[in-house]
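For reference, the structure discussed in these notes is given below.
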Amino acid sequence: MSKTATSTREVPETTVRNRSQYADTLHRIDSDHDEPFPACWEQNRDGEFTDVPTVAYLPHYNLCGNPECFGGEQA
Ligand SMILES: [Zn+2]
């Protein structure tokens, strides 16, 4: 029953997306990396990631639902 301090509604100005043309998800940036990496397990996926301005992509992309990114609430 632990609650994280991060708000699920808080979306940073910059997020990370996979460079794949099939990517449709925005991830929270993993601050442990110098390069743009998603904070969730998707960082282990093949492919390259790039940081993007969130507002420009939000209309076409979904926010990642993993708890490390923007999922937050656990069922
Ligand atoms: Zn993610």
Task: Complete set of residues in segment 22-61 that are part of a strand (DSSP E or B) and polar (S, T, N, Q) - done: Thr25, Thr50
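So that you can scan it fast, the table gives a plain yes or no per residue for (1) closer than 11 Å to Arg17 by Cβ; (2) hydroxyl-bearing (Ser, Thr, Tyr); (3) at pLDDT below 95:
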| residue | (1), (2), (3) |
| --- | --- |
| His33 | no, no, yes |
| Pro38 | yes, no, no |
| Gln43 | no, no, yes |
| Glu48 | yes, no, yes |
| Thr54 | yes, yes, no |
| Asn62 | yes, no, no |
| Glu73 | no, no, yes |
- [ ] Would you point out the residue of segment 9-21, among those that are away from the ligand (no atom under 13 Å from the Cβ) and in a loop (DSSP other than H, G, I, E, B), that is modelled with the lowest pLDDT?
- [x] Arg9
Open item on the list: I'd like the full set of residues that are part of a loop (DSSP other than H, G, I, E, B) and surrounded by 17 or more Cβ atoms within 10 Å (Cβ to Cβ), limited to segment 62-71.
Closed with: Cys64, Asn66, Glu68, Cys69, Phe70
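The values are calculated or read from the model by the stated rules, or taken from the named source; none is laboratory data. Fair warning: this is a prediction, and the values are worked out from it, not measured in the lab. Reconstructed Cβ throughout: ideal geometry from the backbone, glycine too, with neighbour counts over all protein chains shown.
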